[in-house]
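See below for the structure under consideration.
Quick note: the coordinates plus some simple rules give every number you see, no bench work behind them. All values derive from a computational prediction rather than experimental measurement. Cβ atoms come from the backbone with ideal geometry, glycine included; neighbour counts cover every protein chain shown.
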Amino acid sequence: MKKIVVFCLLIAALLLAACGGQPAAPQQDSGAALRVGWLGFPDTLNPAYAFLSESYTMFDLVYSTLMTEQLDGSYAGLLAESWSESDDGLVWTFTLRPNIKWHNGESLTAEQVAWNINAFITNSDGWVTNYGYIIGFVEARALDERSLEIELEYPISNMEFRVSFLYIVHPKDFEGFTTPEDLQNFSNFSPIGTGPFKISTLDKDRRVIILDANADYFDGQAKLGQLVYQTFDNSDALIQALKVGDVDFAAEVPTSAFKSVETFEGVTAVALSGRSLSQVILNSAPDGHDPTPNRNPAITDPAVRLAIATAINKKDLVDVVLQGQGLPGVGIVPPTLGGGFWFNSSLTDVSFNLAEASRILEEAGYVLDADGVRAKGGVRLEMRLQFPSDSSNYPRAADMIANWLKEIGIKATPSAVDPDSLVVATNPNADFDMVIWGWGSDPDPDFMLSVMTSEQYVEGGWNDSGYSNPEYDELFAEQQMTIDDTARQKIVWEMQEMLFNDRAYIVLWYDDVLQAYRSDRFTGFIEYPTGIDAFQSLMNVEPVK
Amino acid sequence: MSRRDTLLRKLLFSLLTIFVVLVINFMLFRVLPGDPVRSVIGRNVRISAEMQASLREQFGLDKPVFPDQFLATLGQWAGGNLGVSWSLRQPVAEVLMSKLGNTLLLIGLGQILAIFFGVLLGLFAGWKRKTSFDVGALTFSLIAWATPTFWLGIILLAAGSTWLGLPTGGIVSPQNVGKPLYTVLPDLARHLVLPTLTMTILYLGEYMLIMRSSILEVLSEDYILTAKAKGMSHWQVLWRHGLKNAMLPIVTMIALNLGFTVSGAIYIETVFSYDGLGKLFHTALIRQDYPLLQGAFLLLAVSVIVANMLADILYTYLDPRVKAN
């Protein structure tokens, strides 16, 4: 019995000690360390093989690229001080800024940058995540200590954007690998870069990353002394941590919590237009596709598509599903790309009108059955409305859409499907009617537009609707080689219009990026489309005086 | 049959079970719908179909499951190698071991406390049957057992961080990472309070209920009456004759729980951002990372089998009838 009492007392003492202890004070001057809470952790810090967005957040802080996107969507030099392209558009010459230092104190040379580009080109099976950015590159050559040229196979319209994604690594870290597998198995958790921060601690088992400001950064030292990234596995805990001051910045605020975060004392919640969109994908696979599309044939009827588009109240979706934190969608290119330059603002969406939608179906010959579902020639308007099961927004959206469609005589059955199965169902199987899904776009429209090309409608390609239009494909190829921005814009706008009219996608909304920070402690955040934690913004953040 | 023979036979049988589990797991993951390469790379990156083919080849997925992939995997296992995780690009064994330490710390502590208090509560409730203590303990245990993990965790997290200033997540504070755990014990203890408390409350009810019904049964036995007749005190009867006999079902329960809890208390880990095995299993499944999945399920199978073997062995000491057989 005595032992039991002693044990109980011990436990009680331990609990008391734990509760009573003061939260340990941050290591350095607390004002200078920004503690960031986020919902993930980099899979690796090897730019050859990194898929999670958290890895790219780190790359932006640790590495530099030749160029970088600015607030207005245009590109400025980062490592590059100046750049030019030859008249035929086949050779780009970059001059590096003087006095750029690696984190280990060595100077960056044009030779090293050229080594990077050539490694991406010659070992593309190894540098898988860079492949999309170097298609059409032939070779890079260093001309002297500070300048290099990149030779291209054909003129590339979005060259500035492409090089803004090629992180320049120290050749010493990467030149020893002989096979793609060896290169990719390298975790690179102690990277040497030229970026504004350097990693001082990375503990993958505690999931904490601490970065110190790089005093030798070529663009001036960051105002913060330190960045501390701590991983949370659920957003409720992250928001609670922000509320009680365990973290200074929440990289992701769930839609459902945004309104309450706005009321926290000493906290500022930020909603900014991002680059993501969500859409209803309508099965558009060609009839001759192999395997034969399994769908309600009516989904390919333009009248049915128009009726569906007319029966969806996008403003309601934004208000209810996104709680107002987003914009109703129109075209496939989000309005933030290139500061709005690439977004076709002349497109007018069909207005929500259930009576009109019913009329369209009636006119097209779909007659109401006794059970309230329309049919034409034995084809009843009964369709699947699927969405990936890992989404918190889509179930609500699917219910709302199904209810509107019911009113016009279309019976849509919402169901959550495992995302892996949904990938295969859409491409290559073409076994679906309607699917709600979304994309995160690049800053350049090229990727979003490529999603609708026939070339991407192969196994492993990104075309999930099955849309195939030779005229569109031609325009796509043309915009890739049109160097003049205004001329390219015209093509990009035309492509958006084409897609809008064919309705392989009904774009539902463009969602905001939701973040929050302790404004009683830090100030100076700048609103970039990727978030106020873009590296340019973090460079400017400082403690409240 | 001697005890050594029994143990040897059990060991052999356990090894066979592990092998069968491995083979079944190998097939199970491969009949999952979806494409592992697509799951690994996610949806938001520009990996062309060509690059996916290159990765597929590297992972050996371009070859038939039988016999090529199966033989390759068997060969790897035979060499004691669990392979390299496709999504993390680190050796599977290394990843598993690093998370196992974290999980054992949390689960070990939580289970010890739950067992201790559960057994104690059950013992007294059974002893003091139909008193208000019994009713109170029973009600508390039933509620604790029925409470959803996630809900209890979030409530404790909100209350603990707001009123007691306890941390909202992690194993140690960021400034203490990289230091050996024994040098930062107070910080570690502060981080463990809430997850351990959640785990203790959740499992305590189960142990209490089983202990209570078990002790009730034992107390109605003739030998208890005999012990009382011999003039032993209440305590002596309960301690020497009651507890030991009533422990048998609890040992089985503990063995089963310990085996399965190595799979990680996934909800508790998620609520308290505690980086353990449960979370790792989940990620491996979402990203269809076959080598990691296979390694994780091997670990799970081994722990369940080992825990059961230990329970069997413990039985031979606790229960003379097992020894006699």
For the range B:154-261, diffusion coefficient by Stokes-Einstein and Kirkwood Rh (Cα), 20 °C, 1.002 mPa s, µm²/s: 123 µm²/s
Volume per residue of the C-alpha convex hull in the range A:475-545, rounded to whole Å³: 130 Å³
Against the rule of thumb 2.2 N^0.38 Å, how large the Cα Rg of the range B:19-152 comes out: 1.70
Radius, Kirkwood style, for the range A:306-459 when every pair of distinct Cα atoms is counted (Å): 17.3 Å
The range A:189-240 - Debye-derived log10 I(q)/I(0), Cα point model, q = 0.12, 0.18, 0.31 Å⁻¹: -0.34, -0.66, -1.14
Cα-centred dipole magnitude for the range B:203-283, charges only on beta-carbon of K, R (+1) and D, E (-1), debye, nearest 20: 320 debye
Rg over Rh, two decimals, the range B:204-290 (C-alpha only, Kirkwood Rh): 1.28
Contact order normalised by residue count of the range B:147-197, Cα under 8 Å, 6+ apart, percent: 41 percent
Dipole of chain B, positive end: most advanced residue of B:Q111, B:L318, B:Q175 [Cβ charges, Cα centre]: B:L318
Estimated 222 nm signal from helices in chain B, with DSSP H stretches of n ≥ 4 weighted -39500 (n - 2.57), rounded to 500: -23500 deg cm²/dmol
Cβ charges +1 (Lys, Arg) and -1 (Asp, Glu), total dipole of the range A:261-416, debye: 200 debye
Gap separating the Cα centres of the range A:53-70 and the range B:4-71, nearest whole Å: 34 Å
Rg/Rg_globular for chain B, with Rg_globular taken as 2.2 N^0.38 Å and Rg from C-alpha atoms: 1.22
Stokes-Einstein D (µm²/s) once Rh is taken as the Kirkwood radius of the range A:207-299 over alpha-carbon pairs, at 4 °C in 1.567 mPa s: 72 µm²/s
Within the range A:170-241: Cβ-based charge dipole about Cα centre, in debye rounded to nearest 20 (Lys, Arg +1; Asp, Glu -1): 240 debye
Inter-site label distance for B:R4 and A:A355 at 7 Å from Cα along Cβ, in nm: 9.5 nm
For B:2-13, mean number of other protein chain Cβ atoms within 10 Å: 0
Between 0 and 90°, nearest 10: helix B:3-30 axis offset from chain B longest Cα axis: 40 degrees
GNM result for chain B, Cα springs below 10 Å: residue of B:P195, B:P249, B:P64 fluctuating most strongly: B:P64
The range B:165-247, relative contact order in percent, only Cα pairs under 8 angstrom and at least six apart counted: 25 percent
Distance from the range B:226-243 to the range A:288-326 (C-alpha centre basis), Å: 75 Å
Across A:K259/A:K315; B:K130/B:K230; A:K198/A:K545; A:K204/A:K259, pairs whose alpha-carbon gap is larger than 29 Å: A:K204/A:K259
Computed P(r) (all Cα pairs; chain A; 10 Å bins; percent): 3, 16, 24, 24, 18, 9, 4, 1, 0, 0
Per-peptide average of other Cβ atoms within 10 Å, ordering A:272-278, B:138-144 highest first: A:272-278, B:138-144
P(r) of the range A:71-129 over all Cα-Cα pairs, binned every 10 Å from zero, in whole percent: 18, 37, 39, 6
Kirkwood-based Rg to Rh ratio, the range A:231-347, C-alpha trace: 1.11
Relative contact order (percent, whole number), the range A:347-458, Cα cutoff 8 Å, 6+ residue spacing: 25 percent
Farthest positive-ward along the range B:201-260 dipole, Cα basis, beta-carbon charges - from B:Y207, B:A227, B:T252: B:A227
Range of Cα positions in the range B:124-194 per principal axis (Å), largest first: 53, 25, 19
Whole-Å distance, taken between Cα centres, linking the range A:198-251 and the range A:483-499: 40 Å
For B:L121, net neighbour charge (Lys/Arg +1, Asp/Glu -1) across residues whose Cβ lies under 14 Å away: +1
Simple spin-label estimate for A:D182 and B:V251 in nanometres, 7 Å along Cα-Cβ: 5.4 nm
Stokes-Einstein D in µm²/s, Kirkwood radius over Cα pairs - the range A:407-481 at 37 °C with 0.692 mPa s viscosity: 235 µm²/s
Summed residue charge, Cβ within 12 Å of B:G178's Cβ, Lys/Arg positive, Asp/Glu negative: +1
